[in-house]
Structures are given as C-alpha cells and as structure tokens.
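Below: one structure, written as structure tokens.
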2 protein chains.
Amino acid sequence: MKKVIILGSSGSIGLQTADICLQLKDKISVVGLSVRSKTEVLKKQIKTFKPKAICLEESADNFSNFKNWIKINSPKTKLFFGAVGLEKLVSSVEADTLVAAIVGAAALKPIIAAIKTKKNIALANKEIVVMAGAEIMKLAAENGVSILPVDSEHSAVFQCSRGEDKKQIKNIILTASGGPFYKYDGDFSKITADKALKHPTWKMGRKITIDSATLMNKGLEAIEASVLFGLPIDRIKIVIHPQSIIHSLVEYVDGAALAQLSNPDMRLPIQYALTYPRRMPSKFIKPLNLAALSKLEFFEPDFKKFPCLKLAYSAANAGGAQPAILNAANETAVEAFLDGRILFTDIAKIVEKTMKLFKGIKKTGIDSLIEADLAARKKAHSLIESAESNLK
Amino acid sequence: MKKVIILGSSGSIGLQTADICLQLKDKISVVGLSVRSKTEVLKKQIKTFKPKAICLEESADNFSNFKNWIKINSPKTKLFFGAVGLEKLVSSVEADTLVAAIVGAAALKPIIAAIKTKKNIALANKEIVVMAGAEIMKLAAENGVSILPVDSEHSAVFQCSRGEDKKQIKNIILTASGGPFYKYDGDFSKITADKALKHPTWKMGRKITIDSATLMNKGLEAIEASVLFGLPIDRIKIVIHPQSIIHSLVEYVDGAALAQLSNPDMRLPIQYALTYPRRMPSKFIKPLNLAALSKLEFFEPDFKKFPCLKLAYSAANAGGAQPAILNAANETAVEAFLDGRILFTDIAKIVEKTMKLFKGIKKTGIDSLIEADLAARKKAHSLIESAESNLK
C-alpha cells in the first residue's frame, strides 16, 4: 500500500490524481490533501479518502464552518491552514509520495519539506524546477528520494531512459503540440484570453494553457528537462507535433531514438509517477491506434513568432537567478493577460524587460532565489502597470 | 574486447557487421568468418581481421587455390569446409557472440553449436526462429546465453522493453514498410522479380526483399516476435508505416507505448546487438530529424491482398511443425519466383497448399522439425513443377 499526499487536489492534475488513487484504491491510499479555497471539492475528497490531514491554503471565509464540518464528518482528519500549514502537513504526515500539483512558486517550500522527510516527489509543477531545480535535485539526492516527473513530456523522457545508461543520451527531444497558434499568421497582439485558452489537444489549467499558447510552457519544460536529466540546455531540442501522440523522445549516441506514445491523457503520466517502477492497467487511457490516427506530423518551432521560447533558452544559458526571474515575470504577466490587463504580445515583452533588469545577478541558494522571484514579480507588476497605461 | 564470429560475412548483413567491427576495432575483434562461396570478399576480410578460423560453406571450385592463399597470407587462420565445418568452426573458436547472418535453415545447426558452447547469438536469421524458435530459446536459457535480435523490428522491441517488466507488455506492434506494393491496385500475378526487388526503404538481400513484397517477411517476424518475447501471436500486431522510421513499438498495460526510431539503416540494430548492453557512437547512422521528415504515416495491413501474412498467423496458431513448413515452402517458392519459374501470386498458393498437406503433424524437437522442413521443401518443389507446367 503506497501512501500519497496530494497538494492542490481540486486543480486539474489534483482531480485526475484523485481519480487514479480511487481506481487503484487497493494499491494507493490518500493520506493528505490540500486545496487553495475549493472546500466543496475537498469535502467530497475527504469523504472518499478519509485522509489523516488536510490543508486549506488560503483564508477561506467559511473557515470555522469548515472546521465544524470536519469535526462532524471526518473527526480523525487533522486540519492545517495557510502556507505554513502546508509545510506542517507535508512534514508531519507519513507518506511515500507527495504529488505536487500546486501551480507556481507556492509549491517550493512544501516540496523541500517533503524531501527532507524522505518522501518521493511526483512533480507536476515545472515552475519550481525552473526556479530552484539544481537545489531540489541536490536535496533529493542527499535524502535518497526520487523526483518523478508528471508532465507528459518529462514522464516520456523518464520512460524512454529507463534501463539505459544516462551518459549515452545524446539529446532529449521535447514534443510541443504548438498550442492554438503555431500556424497562426495574423496579428499576435490581437489574441484574446478566450482564444488562447482553447488548446487543441490538452485540457489543462488556465495558466499552463496560456503558457502553451506562447510556447513559454515548452521553454520552461526545456529548462526542467535540462535540470531533471542533467543535460545542458543546448541538448534539449523542441519539435512541434500537433497530434500530441509522441510525448517526447530520447536520442542516444548510437543514433537510436526512443519515444513514448499514447493518446493525450495526463492520467497516464500521473499514474506512472504513482505506481513507478510498476505499470498498472488503467481504465482511463484509450488504447493507441496508429492506423486510425493515420499520420503524425513534425515541424520546427518558430523562435521569432514565439519569443518566450527564446527567452527560456537565454535564461537557462545565463543560469544563476535568471530562470527564476523568467518564471516569476511570466507568471505575473500571464495573470495580467488573463485579467485582460495586457496584450498577448506583452507577456514576452514584460518577461524580457524583467530579465534584463536583473541581469548579472548570479544568486543561487533557495532563499536567494525566492528573494529574486519576489523582486522579479514586483518589477513585472510595475511593468504591467506601465503597459496598461500605454494601452489606455 | 569482445570476440565475434560472423557467419555469412559476404552477405548484406555480414558485410555491414564487418564494417561495424572495423569501426569499433578497439572494442571488437573478429575471430571467425564464413562465406558460402564469395572467396574474394573473404580474402579481404581475412587480411583485415586476421581471424582464428574461417569456413567455406559450399564446394568452391578453387578450394585448393584458396587453401594455398591462406597458407601464404594468413598462415595462423584455420580453414574449415562445408556444413560440418561450419559447426566445427563455431564450436572450436572461443568467442562472446556469434553473428548468424546466413539466410535460411542452414543457420540452425551452427546456432545450436554456438549456444552449446556458451556464445551469445546476434540473430539476423528469422527463419530458424520460425522453424525451431521454442527449442532455441529453451537451449539458450539452459546455457545462460542471450539471443540478441538483429532484425530492425525485433531490435526495436528489445530496446523498448529494456528495463521494463516483460509481464507488463500488452502488445507488440511491428511496423512494416509495406514493401513496394502496399498501395498497388493492379494484377498481383503480373508482378515481376525485378519489380519486387525494388524495395522503397531498405537495401537488403534478395530473398528477404521478396518476402517484404509479399509481406511474408512481416508474417515471419510476427512469429519470431512471439517466440523471442514470449507473447501469443494474437498479441503481435502489424501496422504499415511506409517511412520505416519507427521500427516497432511495445504497448504496455497502462496504455503507454514505447517506440524505437531512426533513419532506416541495418547497421544500428547490428551494432546494438554487438555492443549490448552499451550503446556506442556510430559514424554510420544519420541523426534523426523529425521536422525534416515532416510526417510519419500508418495504415492497416490488407490481409486479402497479402495472403502470406494470413498464412503466417495461421501457422503460428496451429503451432507444431506448421511454422517450419510455412518457412520451408516459402523459401522454396521465393527461389522459384526469383528464377522466373512461378508467378508472384503462386508464392502464397504454394505455401498454403504445402501447409495443408502437412496439417495435423504436431512434431516438435529439432530433428523432427528439420525433417518436416525437408519434407515441406520437397513437396513445395513438386507443387512448383505443377505450377510451371500450368504456366506453359
């Protein structure tokens, strides 16, 4: 019986993780849960899993009501609250694996707490790897725990390098669906949030869907792959593959490439991270039928149309705090774009300007990186305000 | 330093194996060689590799000349002769791996001799696996040696199941280029040997090229995969993939599939079998460029147009001596087709008739299978004679 804590259990990845844990209830028990504010979802999950502890990450107006509900419906479940509560939940509850399905930098401290208490990390949060990947990998190695990627691309690379000598990897080739605009020839500044939220192949959260439209998602994934698999960024290649059937490839020194394929469904990489090193039958994943698909296409990504991709490679090459700054500025800019405050094309501009303002800062170490992250967010906010006044 | 014996060193696979051994001469030493009759090729290879022993498989008119040549040019090289000599060569020369690159049933006895003297088998001969696969696998297990597939498809499957629990394999999906006729809508009986010998993606020997045109090659490979990877034949699937970039796939119980890709070049699977478990850089294999390929296509195979495929599955389902009979009849019929004695469509007819005549014979054991093989060849020959008289 594997014990699992799910952070961010009401989000897209969190809900799918819960589905899988329920399907595999003979093999997996959910011992901890957290949501930002969706208490109704959490209540259902508490009834299903009877976890040892849960955490409400944000001040919910009905906190005391919720406390009473717990007392009546699941009296043995311990209740934590806020960011500090999240760390306490992770540290105090015994578990094999932490599923880190919280978006953004908020996942960093709980992940560190989980590693320090010897939990494997099923990692659905690429931002924190971009921000502080080297530090996390070092800490994981020191504590003898595994970082199991949940992103479909990194899970593919992980599967394609299973049983292989990592030194014999020549390149990692990440596939990108290309998002809704890889063929778009119109004015990118006119792209609205509604349009950008319509992803052709993957159903995901809002932030990552916008990142897929700007290709920043693929840039962040390239940095993540570089960190997780220990390869310099110039050996992480990207190819547009609109069908999202090949989830990524590993190219070896002998000229062979291994690829992982499936119908696009996040429940496959999530389950793989939960059951690794075993594979378990899944009732969710539709079997692959290559003849029915008829063809798989591949295109070079256009770094000019998608400047975010270029910025990500620059940040990785610069090293130090630049990836953290890229990520912080992007998170801030995407939020502003989703709120209708800036243009689609402003996202890359704000990221680029923020990166330039912090150029040369060679900080590392988790506390310094958190500091850089906060400073970059502040700067990005003020750049957004100027962009807004230009738009008026 | 790995010691290698190459049987059939003047054939297509043999020559490529020699190229690789020469490229990797710091890692691999060639200690034995055999050819059917091409002594000129053999002389060059003897000068290059200075093998411990060689064998001329067939009565060469210039045998005594050759003996003198050896005495002068490579006096330490021991000379064997004929089918018995081949077994002696294999048994007496110390080596890590035997590369079995002889076409057809003639490879069986030398392979058995190699296994019994604890040599790994790099297997480029699917016929003998079809003929006596179960027996060979059993013998290999008893002697603790590995059967390393050299066929690109089986090498792909081997690579895609590396580090995986074999019990979690759901299906093996063999890709087929489809040969020159998978889209052909004309009269199959009018197909000449010249036309059938023009394979669109692979440069191979004549017999296997005809088998690719009838899809018998894929049928034999399905039987081979079933034997090598221990799966029932109905879990070996076939998909037409004209680009020959994905060399095969393994589908797992969780819905994930792993695929091995490369530009079509036999030197990749040959080298993998020679250097396994390591991968070594190859100067021969052109790196894969998916975007330059632009698309990979997949089609269902047409069992009506290609009756040989259906016959292979029937033979595997029937078991016993039927795969050996299928193989023997096919080898005989293909030879007759290449000699212009029968029609392209007669190949399947002769195989089917031969299989029916030997239906119900449930023999196993290597000697019985060799007997069945010979009887089937004889029967196929007489069927070919009748077909010929019909053609006149």
Out of B:ILE270, B:ILE342, I need the residue that is touching a helix residue (DSSP H, G or I) at 6+ places or on another chain (Cβ under 6 Å), within 14 Å of chain A (Cβ to nearest Cβ) and of a type in the set (Val, Ile, Thr). Which one? B:ILE270
Pick from region B:341-372, criterion modelled with pLDDT of 95 or more and part of a loop (DSSP other than H, G, I, E, B), ranking: surrounded by the fewest Cβ atoms within 10 Å (Cβ to Cβ): B:ARG341
Suppose the filter is among the polar types (S, T, N, Q), within 14 Å of B:ILE102 (Cβ to Cβ) and touching a strand residue (DSSP E or B) at 6+ places or on another chain (Cβ under 6 Å); does B:SER10 pass it? yes
Show the residue pairs that are 6+ apart or on different chains and have beta-carbon atoms under 6 Å apart, the first residue being within region B:261-289 and within 22 Å of A:LEU174 (Cα to Cα), the second being open to solvent by 70 Å² or more (accessible area, probe 1.4 Å) and outside any strand (DSSP E or B). B:ASN263/B:LYS286
Taking A:ALA387 as the residue in question, decide whether it is open to solvent by less than 40 Å² (accessible area, probe 1.4 Å), among the hydrophobic types (A, V, I, L, M, F, W, C), over 30 Å from A:ALA18 (Cα atoms) and not assigned by TED's automatic domain parsing to the domain that holds A:SER155. yes
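Given the structure, is A:LYS52 assigned by TED's automatic domain parsing to the domain that holds A:ALA141, charged (D, E, K, R) and closer than 19 Å to A:THR275 by Cα?
no
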Do we have A:THR39 as at pLDDT 95 or above, touching a strand residue (DSSP E or B) at 6+ places or on another chain (Cβ under 9 Å) and assigned by TED's automatic domain parsing to the domain that holds A:LEU22 here? no
Determine which member of the set B:ALA273, B:ALA312, B:ALA259 is surrounded by 24 or more Cβ atoms within 10 Å (Cβ to Cβ) and assigned to a strand (DSSP E or B). B:ALA259
Name the residues in region A:276-309 that are facing chain B (nearest Cβ under 7 Å) and outside any loop (DSSP other than H, G, I, E, B), would you? A:LEU290, A:ALA291, A:LEU293, A:LYS295, A:LEU296, A:GLU297, A:PHE299
Among the residues of region A:62-119, what is the count of those that are out of contact with any Ser or Thr (no Cβ under 9 Å at 6 or more places or on another chain), without any contact (Cβ under 8 Å) to a residue 24 or more places away in the chain and not in a helix (DSSP H, G or I)? 1
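Please go through region B:44-61 and pick out each residue that is in a loop (DSSP other than H, G, I, E, B) and more than 27 Å from B:ILE112 (Cβ to Cβ).
Scanning region B:44-61 gives B:LYS50, B:ASP61.
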Tell me, please, whether a residue that is open to solvent by 10 Å² or more (accessible area, probe 1.4 Å), in a helix (DSSP H, G or I) and more than 20 Å from B:ILE102 (Cβ to Cβ) can be found in region B:322-333. yes
A:ALA315 is checked against (1) within 20 Å of the chain's Cα centre (by Cα); (2) facing chain B (nearest Cβ under 7 Å) and fails just one. What number does that condition carry? (2)
Has region A:78-91 got any residue that is over 19 Å from the mean Cα position of the chain (by Cα), within 14 Å of chain B (Cβ to nearest Cβ) and not aliphatic (A, V, I, L, M)? no
If we keep just the residues of region A:223-256 that are of a type in the set (D, E, K, R) and more than 8 Å from chain B (Cβ to nearest Cβ), which is least open to solvent (accessible area, probe 1.4 Å)? A:GLU224
When A:ASN120 is run through (1) away from every other protein chain (no Cβ under 13 Å); (2) modelled with pLDDT under 95, the failure sits at (2)
List the number of the failed condition for B:ARG267; all other conditions in (1) closer than 27 Å to B:GLY133 by Cα; (2) modelled with pLDDT of 95 or more; (3) among the basic types (Lys, Arg); (4) surrounded by fewer than 16 Cβ atoms within 10 Å (Cβ to Cβ) hold. (4)
Is there a residue being in contact (Cβ under 8 Å) with a residue 24 or more places away in the chain and basic (Lys, Arg) anywhere in region B:235-243? yes
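The values are calculated or read from the model by the stated rules, or taken from the named source; none is laboratory data. Values in this document were obtained by computation on a predicted structure and should not be read as measured data. All Cβ positions, glycine included, derive from the backbone under ideal geometry; neighbour counts span all protein chains shown. Note: areas computed on protein heavy atoms with side chains; ligands, DNA, RNA excluded. Shrake-Rupley method; radii C 1.70, N 1.55, O 1.52, S 1.80 Å.
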